[in-house]
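So the structure is just underneath, and the comments pick up after that.
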Amino acid sequence: MRTTYMAKPNEIKRCWYIIDAAGKPLGRVATEAARLLRGKHKPEFTPHLDTGDHVIIINAAQVALTGKKLEQKKYYHHSGYPGGLKAVNYATLMDKKPEKAVYMAVRGMLPHNRLGRAMLKKLRVYRDSQHSHQAQQPQPWGEGPDALKEGGPDS
């Protein structure tokens with residue numbers, strides 16, 4: 001009988017990837033980022049460990065939405081007090097904080113527990129193409145729309 005491979009924390013190698021969100025649908029960018037953050041693109045993926053890589057998303061202000069989502073989609077949060085439900089229109093959020101819209105989309109695709117919060121710390125989202133992570137030598141992920149649909153360069 002064979003046993004399932006379980007990655008050990010000292011065996012996990014983390015890379016840095018950069019995703020250009022300009023002109024791409026928000027959901028496609030968010031699913032690829034969540035997949036990289038979880039580590040599902042690696043053969044040593046282990047569900048109960050953080051085997052994922054670091055992800056940088058640039059050009060968040062130029063992300064695309066299909067249909068009427070720009071006018072109709074809303075983000076909700078609650079202050080914790082009675083009557084404290086706040087709703088923010090997506091168009092308003094894109095004008096003020098486009099990186100928060102992308103961040104929240106990726107956050108919704110990760111596990112909602114301590115492991116998901118650890119994975120989310122490896123995500124960096126920037127409004128334009130300028131970022132401060134040149135020293136980490138990030139590799140581009142998913143050049144062109146076909147590579148993004150098929151899961152990137154190594155899938």
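Every read-out reported here was derived from the displayed coordinates using simple, explicitly stated rules and does not represent laboratory data. Nothing here was measured: the structure is a model prediction, and the numbers come from that model. Note that we place each Cβ from the backbone using ideal geometry, even for glycine, and neighbour counts take in every protein chain shown.
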Being basic (Lys, Arg) and closer than 26 Å to Arg38 by Cα narrows Lys97, Lys69, Lys73 down to just Lys97
(Q) Considering only region 51-59, I want to know if a residue exists there that is assigned to a loop (DSSP other than H, G, I, E, B), of a type in the set (Asp, Glu) and surrounded by 11 or more Cβ atoms within 10 Å (Cβ to Cβ). (A) yes
The residue that is surrounded by the most Cβ atoms within 10 Å (Cβ to Cβ), considering only those in region 100-126 that are free of Cβ contacts under 8 Å to residues at least 40 places away in the same chain and in a helix (DSSP H, G or I), is Tyr103
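Okay, residues lined up against (1) free of Cβ contacts under 8 Å to residues at least 12 places away in the same chain; (2) outside any strand (DSSP E or B):
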| position | (1), (2) |
| --- | --- |
| Ile18 | no, no |
| Pro43 | yes, yes |
| Pro47 | yes, yes |
| Ala61 | no, yes |
| Tyr81 | yes, yes |
| Thr92 | yes, yes |
| Asp95 | yes, yes |
By residue number, the members of region 20-41 that are part of a loop (DSSP other than H, G, I, E, B) and among the hydroxyl-bearing types (Ser, Thr, Tyr) are none
Within region 4-19, residues closer than 21 Å to Gly108 by Cα and in contact with a helix residue (DSSP H, G or I) (Cβ under 9 Å, 6 or more places away or on another chain) come out as Tyr17, Ile19
All-but-one check, Asn113 against (1) under 19 Å from the mean Cα position of the chain (by Cα); (2) polar (S, T, N, Q); (3) farther than 30 Å from Glu11 by Cα, failing number (3)
